[in-house]
1. Can you tell me how many residues within the stretch 292-323 are part of a loop (DSSP other than H, G, I, E, B) and of a type in the set (D, E, K, R)?
2. For the stretch 305-325, give me each residue that is surrounded by fewer than 14 Cβ atoms within 10 Å (Cβ to Cβ) and over 21 Å from Ile286 (Cα atoms).
3. Please identify the pairs in which a residue from the stretch 269-281 that is without any contact (Cβ under 8 Å) to a residue 12 or more places away in the chain and among the hydrophobic types (A, V, I, L, M, F, W, C) has its Cβ atom under 9 Å from the Cβ atom of a residue that is in a helix (DSSP H, G or I) and open to solvent by less than 30 Å² (accessible area, probe 1.4 Å), counting only partners at least 6 apart or on another chain.
4. Go through the residues of the stretch 3-11 one by one and say whether even a single one is surrounded by fewer than 16 Cβ atoms within 10 Å (Cβ to Cβ), outside any loop (DSSP other than H, G, I, E, B) and basic (Lys, Arg).
5. Of the residues in the stretch 14-27, how many are under 18 Å from Gly53 (Cα atoms) and outside any loop (DSSP other than H, G, I, E, B)?
6. Would you check if there is a residue in the stretch 13-27 being within 17 Å of the chain's Cα centre (by Cα), modelled with pLDDT under 90 and either among the acidic types (Asp, Glu) or open to solvent by less than 30 Å² (accessible area, probe 1.4 Å) (or both)?
Amino acid sequence: MKRPFPDIEELKKGVLSADRPMLSRAITLIESTLPADRDKGFELMEALAPHTGQSLRIGITGPPGVGKSTFIDAFGVYLASLGKKSAILTIDPSSPTTGGSILGDKTRMEKLIQTKSAYIRPSPAKKDTGAIGAHTAQVICLCEAAGFDVIIVETVGAGQSDVEVRSIVDFFLLLLMPGGGDELQGIKRGVMELADAFVITKKDIMAPELINKSVAGLQAVSGLIMPRHGWTPGVRAVSAVNNEGVDEVWKLMSAYQKQLQSTGEWNQMRQEQRSMQLDRMIKARILENFYADPPLKKQREELSHRVALGEFTVEKAVRELFRSV
């Protein structure tokens with residue numbers, strides 16, 4: 001017999017007591033697209049709100065093959081050695097047929113998955129065009145309520161859309177391959193301009209000369225980036241396989257947090273995160289209501305048919321549709 005889904009009070013108690021199955025069920029509720037579940041999810045988030053906001057939220061991105069999962073595996077194990085609990089939220093590309101996650105990062109974090117103080121939750125990006133899922137900010141808050149000290153969000157991969165993750169995390173880490181090209185060209189991408197630190201990976205298998213050249217190039221680039229919060233992005237080279245340099249990355253993050261907390265900018269950043277989350281949720285609700293409206297759906301189908309036949313231009317169809325909204 002299928003176990004009944006727990007009510008809000010059970011979920012709240014389960015999350016606050018760091019019950020992993022209950023946390024997973026709470027996340028499932030938050031990620032549900034059913035209207036009834038959405039309302040329950042809102043109620044749960046309101047109940048847990050006083051218990052959120054105390055973690056360090058880290059975003060990690062980088063091009064495919066750079067070693068994001070390998071780095072997170074080593075980094076999470078290192079955090080555990082410091083007595084810290086970490087939650088890893090991996091935003092995977094979605095299967096076009098099932099809508100589920102494709103990559104399955106749990107299989108690539110062999111050491112971390114055996115660490116009792118770590119929690120790994122893969123989430124499909126689904127129809128979201130950005131690098132984060134629609135409910136990632138809420139899932140972060142659930143993990144905070146469950147007592148995790150560090151929340152790590154691993155995005156799909158480096159690209160212009162990855163700048164979205166900056167709006168939900170405190171520290172944004174960009175992983176890069178050694179000898180990955182002209183870093184000065186890369187600065188044109190918004191993702192580099194928003195990074196709080198650069199990490200050169202695969203130090204164990206690359207020539208020292210190449211590593212040093214890459215570090216020097218990124219240090220030059222970081223000096224050209226307009227400092228945010230008075231912070232100049234640091235550059236580190238690591239070997240996640242050999243656990244070399246991982247501690248230096250954590251020191252950078254700790255120094256960043258200490259600096260922002262001392263100036264009061266930490267609280268300001270958190271306020272901005274909440275404001276942007278409100279804006280995202282309002283836009284999502286408006287879009288949902290727009291596509292759920294039966295008369296508008298019928299009109300969209302009619303206009304789509306006429307556009308396909310060449311009777312209407314796309315522009316004319318859009319004008320016709322929004323005259324009735």
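The values are calculated or read from the model by the stated rules, or taken from the named source; none is laboratory data. None of the values given here were measured: they were computed from a predicted structure. Note: ideal-geometry Cβ built from the backbone for every residue, glycine included; neighbour counts use all protein chains shown. Side chains are part of the model used for accessible areas, which takes the heavy atoms of the whole protein and leaves out ligands, DNA and RNA. Shrake-Rupley method; radii C 1.70, N 1.55, O 1.52, S 1.80 Å.
1. Going residue by residue through the stretch 292-323, those that are part of a loop (DSSP other than H, G, I, E, B) are 293, 310-313.
Keeping just the survivors that are of a type in the set (D, E, K, R) gives 293, 311.
Going through the stretch 292-323 one residue at a time, the tally reaches 2.
2. Initial filter on the stretch 305-325 (surrounded by fewer than 14 Cβ atoms within 10 Å (Cβ to Cβ)): 305, 308-311, 313-316, 318-319, 322-325.
Passing the criteria: His305, Ala308, Leu309, Gly310, Glu311, Thr313, Val314, Glu315, Lys316.
3. Qualifying pairs under 9 Å: Met281/Ala137; Met281/Gln138.
4. Checked the stretch 3-11: no residue is surrounded by fewer than 16 Cβ atoms within 10 Å (Cβ to Cβ), outside any loop (DSSP other than H, G, I, E, B) and basic (Lys, Arg).
5. The number of residues fulfilling the criteria is 5.
6. No, because not a single residue in the stretch 13-27 is within 17 Å of the chain's Cα centre (by Cα), modelled with pLDDT under 90 and either among the acidic types (Asp, Glu) or open to solvent by less than 30 Å² (accessible area, probe 1.4 Å) (or both).
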